[in-house]
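The values are calculated or read from the model by the stated rules, or taken from the named source; none is laboratory data. Quick caveat, the model's predicted, so the values are computed rather than measured. Counting neighbours? That spans all protein chains shown, and the Cβs are built from the backbone with ideal geometry, glycine included.
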Amino acid sequence: MLQKRQIKIGDKIVREGDRVIQTRNNYDLGIFNGDIGKVVTVDGTDMTCGVLFPGGGDRLITYKKEVLNELQLAYAITIHKSQGSE
């Protein structure tokens with residue numbers, strides 16, 4: 001069985017293929033509260049991950065260690081969190 005690469009964010013583990021949600025506006029990365037993407041790359045050595053955000057021209061955003069805490073798993077989110085992207 002092939003294992004997916006993973007990275008630990010706080011007390012959560014994020015793996016390649018996971019859906020994630022941005023939890024605050026980050027103007028430097030051009031990504032905003034409520035945006036939902038898919039983790040496509042994980043580098044445990046550099047503590048980075050690449051997230052693909054679809055829509056209007058897919059965007060691949062590389063998250064460095066210091067901003068990884070802005071991501072949360074997005075498999076089950078509240079209505080309030082989903083409204084952040086509107």
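Data table
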item	result
Within the range 68-86, considering residues that are surrounded by 12 or more Cβ atoms within 10 Å (Cβ to Cβ) and either in contact with a Leu (Cβ under 7 Å, 6 or more places away or on another chain) or part of a loop (DSSP other than H, G, I, E, B) (or both), the one modelled with the highest pLDDT	Ala74
Residue list for the range 33-55, filter: in contact with a helix residue (DSSP H, G or I) (Cβ under 7 Å, 6 or more places away or on another chain) and more than 19 Å from Lys8 (Cα to Cα)	Asn33, Gly34, Asp35
When residues of the range 43-60 are limited to those that are out of contact with any strand residue (DSSP E or B) (no Cβ under 7 Å at 6 or more places or on another chain) and small (Gly, Ala, Ser), the one modelled with the lowest pLDDT	Gly56
All strands (runs of 3 or more DSSP E) inside the range 1-45 with 2 or more residues being out of contact with any Leu (no Cβ under 8 Å at 6 or more places or on another chain) and hydrophobic (A, V, I, L, M, F, W, C)	36-43
